[in-house]
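The values are calculated or read from the model by the stated rules, or taken from the named source; none is laboratory data. Quick caveat: nothing in here was measured; it's all calculated off a predicted structure. Every residue, glycine as well, gets a Cβ built from its backbone with ideal geometry; the counts of neighbours run over all protein chains shown.
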Amino acid sequence: MTTMERPVPETSDPFPLRGGGGSLRQGGHESDLIRHEVMFEDRFTHLGDRQVFVGSGIPAPRLYIAFAVGGAILAALLLRTFWMQVGQGDMWRERADANRFRVDILPARRGILRDRNGAVLAENVPSFAVRMRRSDLPRDPEARTQTVATVARTVGVTSDDVLGTLNATGTEADEWVDVARDVAYERAVSLEVQLPGLSGVALVTTAKRRYPVSAGVPSLSHILGYVGVVSPEEFADRRASGYRRTDDIGKTGIELWEEEVIRGTPGERKIEVDAVGRPRAVVGDRAPEDGRDVTLSIDLSLQKAVETALRSGLKRAGVSRGSALLMDARDGSLLALVSLPSYDNNIFAGKVSSTAYAALLGNDDHPLFPRAWAGQVPSGSVIKPLIASAALAEGIITPNTTVHSTGGITVGPWFFPDWAPGGHGLTNVRKAIAWSVNTFFYYIGGGHDAFIGLGVDRLTKWMRAFGLGAKTGLDLPGEATGHVPSQEWKEKTKGERWYIGDTYNLSIGQGDLLVTPVQMARVTAAIANGGSLVVPHVVMSSSTADVQRLDASPLVFATVRQGMRETVTYGSGRRLNALSFPVAGKTGTAQWRSDKPNHAWFTGYAPANAPEVVVTVLLEEGGEGSSSAVPVAGEILQAWYTSQKK
């Protein structure tokens, strides 16, 4: 057979036509047979007696590899499915539940603040707030923008205001954020109507703080403080304690100091929501625990009386800044604590007016500043009872020691004057206190000629023993420490050595000595009560655990009290002798700048024979203490005495 010959199988056609009897008889044409053979020519080729398929098949090794790869992929998918269902089941279940459920915080009622007689000083009133949650807002940018614009327009703010609050640092996408607070009733109703078409938006009834008497007695604002929404920084610090971005927090005053007590513990409500975050059913809740009420030692009627007296005194002196306080000399509880000028803390409740806030910040008299415990000024002569106590306790003088006052003392080329040009003649410690004789205190403080004084080290030791140069422990934020200068401090800070003139200035409350009115009231109370250094406080407390005893004999304080009583009977504070009950005290005039008027001081106690209360008054740049501060103290003490008779 040549290569062009077509082999003819000896057997019958391997693919006979069915129904044709095995041959091509239809038509009887040879062409049919040819077409039949051609049709199969590409399928078979005959090699000897064997028939094989044309083309190459899949080799067995490759087939095995393909099956192995497919099996591996299938096994991987099965393992992944198993891991997601079993190993990570809890995680995916939590994520699903997070989409299905929402946990809303149920705020606790903030504790009420009351005065010692039960008068309400801070309370809670209903208010509307608009909240938004980024995770529930529309995904489409245009729809999201429209939602924000609708909310802003309805509640009366700008879209930038809403977005600025919503995207503030520290906010999470799944947290509710208050984008508008203290919303007016009409606007709240308008928004409520539109809520079904606004995903990620909620209108809630909250509580805002109200201070019912602060408008009439604004000096309470420094004591009470105010609350405001948690700032991003506060949120970062307190998030672990359960705070949310929608929470209020105390910013100043008692609201801040007692935050943990009056805040309470928020509750939770678990809600099932639909795909766009709208509530469908309440699944469960945990009730909040309300904050505890706090009773202050402040007497509202006396607070008002002290504020009125100080305001009148400032007006008479032609000045605008001052402070006054009334404190129980026996335990340190403050009955009144006034700083002027002041402000109405109600402006910070709810929506804060940016105009009103800017006016407070721009006021040169700084009405937000609590001068009574944060203001630091030279003490002037009100420090002299402390100096006298130190000299008696150290044995520098006795109750009968006298110094001849001729108008001042001379040390080398320097002259240190008395306030009376001709001096006061022979002066003992009682007269020195009553008439504020500088010469006597120059002697006992720094010494002169052969007389050995306390010296700077013992002076500063006793000042610190009386609590100067440190916080008193007052339960209000922002208390200043004051400053007690020393040799080391001056050399380190000013690069100068300590001179005898520095000691003389320190002995009469001048130079670099700085005190607060609360510190001076504490010093006065320690002398009045016989040496107990009480802790001033505004929260009612009977604890005396922190009270320290000064290391001085009863005779020391009895002698100083006699001098303070003589201040009123015939000395610089004799205007107070007109009162119907005995008063003791000390006037002070503190120089602080050569181009500014002096500060006017008075500190004292009553009744003089059985001290109950301490009164301390400071009129900044008020001039002479005897003429400016004493009348204010008289009005305050009369108000206290009248209240005791009711």
Name the residues in the range 615-632 that are in contact (Cβ under 8 Å) with a residue 60 or more places away in the chain and not in a strand (DSSP E or B), would you?
Glu620, Glu621, Gly622, Gly623, Gly625, Ser628, Ala629, Pro631, Val632
Tell me yes or no: at least one residue of the range 503-515 is over 36 Å from the mean Cα position of the chain (by Cα), assigned to a loop (DSSP other than H, G, I, E, B), assigned by TED's automatic domain parsing to the domain that holds Thr559 and crowded, with 24+ Cβ neighbours inside 10 Å.
yes
Taking the range 417-437 on its own, how many of its residues are touching a strand residue (DSSP E or B) at 6+ places or on another chain (Cβ under 7 Å) and either outside any strand (DSSP E or B) or over 26 Å from Val556 (Cβ atoms) (or both)?
7
With surrounded by 20 or more Cβ atoms within 10 Å (Cβ to Cβ) and of a type outside the set (Lys, Arg) as the only criterion, which of Ala610, Ala578, Ala558, Ala629 stands out?
Ala629
Of all strands (runs of 3 or more DSSP E) completely enclosed by the range 246-295, which ones contain at least 1 residues that are under 16 Å from Asn124 (Cα atoms)?
248-250
Note: among Leu325, Leu360, Leu386, just one is assigned to a strand (DSSP E or B) and among the aliphatic types (A, V, I, L, M), namely Leu325
Go through (1) under 14 Å from the mean Cα position of the chain (by Cα); (2) closer than 21 Å to Leu340 by Cα and name the single condition Ser219 misses.
(1)
If you go through the range 132-174 one residue at a time, how many are on the phi > 0 side of the Ramachandran plot and among the charged types (D, E, K, R)?
0
Would you pick out the residues in the range 429-456 that are of a type in the set (D, E, K, R) and touching a helix residue (DSSP H, G or I) at 6+ places or on another chain (Cβ under 8 Å)?
Arg430, Lys431
Scanning the range 636-645 residue by residue, those farther than 15 Å from Asn577 by Cβ and under 36 Å from the mean Cα position of the chain (by Cα) turn out to be Ile636, Ala639, Trp640, Ser643
Condition first: under 18 Å from Thr642 (Cα atoms) and outside any helix (DSSP H, G or I). Can you find one or more residues in the range 558-580 that meet it?
yes
Does Asp475 satisfy the criteria of being part of a helix (DSSP H, G or I), assigned by TED's automatic domain parsing to the domain that holds Thr524 and acidic (Asp, Glu)?
no
For Leu198, indicate whether it is farther than 30 Å from Leu337 by Cα, in the same structural domain as Leu137 (by TED's automatic domain parsing), touching an Asp or Glu at 6+ places or on another chain (Cβ under 7 Å) and among the aliphatic types (A, V, I, L, M).
no
The residue from Ser312, Ser221 that alone is surrounded by fewer than 17 Cβ atoms within 10 Å (Cβ to Cβ), assigned to a helix (DSSP H, G or I) and either modelled with pLDDT under 95 or not basic (Lys, Arg) (or both) is Ser312
Can you tell me how many residues within the range 333-381 are in contact with a helix residue (DSSP H, G or I) (Cβ under 8 Å, 6 or more places away or on another chain), at pLDDT 95 or above and small (Gly, Ala, Ser)?
8
Looking only at the range 84-119, and only at residues there that are outside any helix (DSSP H, G or I) and among the polar types (S, T, N, Q), the one that is modelled with the highest pLDDT
Asn117
If you check Arg181, Arg187, which single one turns out to be within 22 Å of the chain's Cα centre (by Cα) and either modelled with pLDDT of 90 or more or assigned to a strand (DSSP E or B) (or both)?
Arg181
Taking Asn124, is it at pLDDT 85 or above, surrounded by 15 or more Cβ atoms within 10 Å (Cβ to Cβ) and of a type outside the set (A, V, I, L, M)?
yes
Restricting the first residue to the range 207-230 and requiring it to be among the hydroxyl-bearing types (Ser, Thr, Tyr), which pairs with a second residue that is part of a strand (DSSP E or B) and modelled with pLDDT of 95 or more meet a Cβ separation below 6 Å and a spacing of at least six or different chains?
Tyr211/Ala122; Ser219/Val338
